[in-house]
Each structure stands twice: as C-alpha cells, then as structure tokens.
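Report on the following structure.
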Amino acid sequence: MPPLQRGGYFILLVVIVFLDVLFYLYFWDMATSFIQSEILTKEYVLTSEARSISAFTEDPKLSVSLTCSGVTFFSVELYSAQGVVELFDPGALVEDFFIANRLICEDVTVKFGSASTVLKFLYCENVMPPDFDPTKVLLLSSTVRRVRMDSKFTVAAIDDNVNQFVIKAVGHDSNGKIASVQFIQSLIFITYTDLSVSLIVSKATGLKDVMYFSVEHAGRQLMCYITPAASFISFQFRNIYNVPELIDVEGVVVTKSETSRSSAICSGDIVQYDRKTDRTYQFTSGPLTPEEVESMQQLISSHSVQISVDGVLHDIIIDDHTCEASTEDDSLSVIKFSWRFKGRRPVQFNSAFFGILPSRRDIFSDEYSPEYE
C-alpha cells in the first residue's frame, strides 16, 4: 500500500477514535436520566403525593440519595430492572427527616447516579384534591376558630416574603352600634407565626368591644370568634403540614388516677414495692362546628401534641379517642379523647388549670347556696 494511502487510513482512524471519545464524554451524563413525571415539574411537591421517583440507566445499579440543607438523610444502592431504577415512597422518607428537624417546606436534592434534580417538598400527610394549590391557602387545620381574650393563635402560609397582616376587627362602637376597624400588623414572617388576641383587641381603637376579627395574609384569610369560655384547654400540635399550631378547646375533663403495686411478706410484715401511679385525663369537648371537628381530628392524630399550663408546654400522649362527626343539621359534634403526660410521674401545677381542676374553686368562701347541699 502506498505511503500516502497508509497515512490517510491512519488519519481516518485517529478521527474515528476522537469522535468516539467525544461521543462517550457527551453522553456519559445521559446514561442515567429521570423518567418524567408530574412531581418533577411541580413548584411544590407534597410528601403525600411523592409515591415514587424513577430513572432510566445503562448501569446495573445506581447510588440513590436524598439531601436537604447539606445533610444526606437517605442513601442506598438500587439495582436496575430492564434499564429502570425506582425509589418507592420517597415522600415518607422526607416526612421522617422533616419531623426530626421540625421542617415544613424545604429543597431536597434527589440523586440517581450522575443524574440530579432539586425538588421543593412541602410536608403534607393527607392526599389533597388535584387542584390543591399550597400558595393560595393557609397551612392550618381550619380557617375558622374560636379564641379567648388571652389566647394565642397560629397563622401559617408558604413564605412569600410578605411580612404584613391585614387585620379587620368587628364589634360595637361607643354608641353600641356595629362597627369595624382595619389595621396592618407587621411581623417577621417565615412560614408561620403566633399572634396574640389581646394585642389585636388593643389595636382596635374606636371599638368598645370586639366580637370577632379576620387576619388576612396575601389574600388568605383566617376568621377568629372571641368566646368567654370558662373551661378550656390550650394545645399545641403538629398539623398535617407539620406546622406547630395553637388551639383552645372548650370542654370538660375527668381525671382518673390508678395506683398499682406489688406486695410481699418480709420478716412477718407486709411491704409494698414496684408502686406506680398512672393519671389519665378524659376530655369531652363542647359542641363543635365542622371546621373545629377537622382541627380536633388533626390534633388527635398528630405525631406531636403539647398542652400549655402556666405558659409552659408539656408533652402529652393521646392513647384513646372517640371521634364521630355528625352530618345532622340539628346537632353539633362532640369529641372525646383520653391523654396522659409523657413522663411516668404525675404533674402538678402552680395555678388553677381550667378544664382539669374544678372551675368552681370558692366553695368554702362563697355565700351558701343550694348548689352545695
């Protein structure tokens, strides 16, 4: 073969090898690619709807990981089946991490081998309607509630850098006529915040009293009706969005104490050991509206519940409940549940605890009445 022809073949071989290298380098990252699904295109992905994430791959197995705020909270190697690797129920994995770190809405980096994408997950335990838009609703168990004058309540929404609340209070003016006052409350708002009823009432200048008020944030509204309830309990619970929500519940509490012990005869005397006292509180709510029933259902099923006494939150465990909501027009629902403090010892308080201690505490100082016969 002439030298010139041999040189041409050599140059052609070099070009072919060079093109092969370029092809390999260009398509190396494309050897693994996510299979397109609805959750990969959503602005906010609810953990309840993230049932699986999958990817095409040419590799026999892939390293799969989930990372949030620089912490890789899940990693595993998954083998491919017919060129597909699938991670089932990633939403549950994200929920466990969010619960442990008290998160509500965060970016999570999903990696399948060399393929990577960032999804903004919103904690949500329930399956929501197809048209549910988290940017247009408050992240609360209900948008209507009863409060008292010294209540605090929660407002929660997707953080959109809007730190102002429009508050409209309705009551009576000095002439006894129905009137309203509107004002703006500015706060540092990151996903959720707590507001004080007494602060709102104090700013409703021009009103002799306040019957109810609305709190509006970026077009989303919460209605609060002030009630003079004498018997109530203040709870904080993690709702279906993992938001620590404050709520006052009216009702009656029955306290049940039970002491268990073992006995033995020692030197002719009976002695007791392994003594343990269990104190359970059985709560029966007053009549509830459908909106309040939803809040109570989320409280009962919450993974974290606290009760507020003397300004201190105590962890409690709800161990039994009856939640039967009625659709009858002439009756409201009543919910019962039993709870106890998380620790093994009974808890004492410095002050009267409405709803747990009797509401009438002046039996020996009040004037005599047939009530005490």
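Every number in this text was worked out from the coordinates using simple rules, so none of it is lab data. The shown structure was predicted, so the numbers you read here are calculated from the model rather than taken from an experiment. Heads up, the Cβs are rebuilt from the backbone with ideal geometry, glycines too, and the neighbour counts pull from every protein chain shown.
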(message) Between residue 114 and residue 127, what is 0.36 nm times their sequence separation minus the Cα-Cα distance? Round to one decimal in nm.
(response) 1.5 nm
(message) Let me check against my output: what whole-number percent is the relative contact order of the range 126-199, with C-alpha pairs under 8 Å and at least 6 apart?
(response) 35 percent
(message) Over all directions, how big on average is the projection of the convex hull of the alpha-carbon atoms in the range 86-222, in square nanometres?
(response) 10.8 nm²
(request) Go through 90, 73, 62 and say which Cα lies farthest out towards the positive end of the charge dipole of the range 59-103; charges sit on Cβ, +1 for Lys and Arg, -1 for Asp and Glu. (result) 73
(request) Please work out whether the range 147-247 counts as rounded, prolate or oblate from its C-alpha gyration tensor, where a ≥ b ≥ c are the square roots of the eigenvalues and a/c under 1.5 means rounded, while otherwise a/b larger than b/c means prolate and anything else oblate? (result) oblate
(request) Subtract the Cα-Cα distance of residue 190 and residue 320 from 0.36 nm times their separation in residues, and report this length gain in nm to one decimal. (result) 43.3 nm
(message) Please compute the length gained on full extension between residue 264 and residue 289, using 0.36 nm multiplied by the number of residues separating them and subtracting their Cα-Cα distance.
(response) 3.6 nm
(message) Between residue 40 and residue 136, how high is the FRET efficiency from 1/(1 + (r/R0)^6) when r is the Cβ-Cβ distance and R₀ = 22 Å? Nearest 0.05.
(response) 0.50
(request) Please work out the C-alpha center-to-center distance from the range 261-278 to the range 287-323 and express it in whole Å. (result) 37 Å
(request) Would you mind pulling out the separation of the Cα centroids of the range 167-182 and the range 67-126, in Å? (result) 50 Å
(request) With θ set to phi - 60°, apply the Karplus curve 6.51 cos²θ - 1.76 cosθ + 1.60 along the range 338-347 and write out the HN-Hα couplings as whole Hz, x wherever there is a Gly or Pro. (result) 10, 8, 9, 6, 5, x, 7, 9, x, 10
(request) Report the label-to-label distance for residue 148 and residue 163 in nanometres (one decimal), using points 7 Å from each Cα along the Cα→Cβ vector. (result) 3.3 nm
(message) With a cut-off of 8 Å between alpha carbons and a minimum separation of six or more residues, what is the relative contact order of the range 99-229 in percent?
(response) 26 percent
(message) Let me check against my output: what whole-number percent is the relative contact order of the range 61-152, with C-alpha pairs under 8 Å and at least 6 apart?
(response) 24 percent
(request) Can you tell me the FRET efficiency between residue 203 and residue 276 if r is taken as the Cβ-Cβ distance and R0 is 56 Å, rounded to the nearest 0.05? (result) 0.65
(request) Could you work out the equivalent-ellipsoid semi-axes for the range 25-119, taking the square root of 5 times each eigenvalue of the Cα gyration tensor, largest first, in whole Å? (result) 23, 13, 13
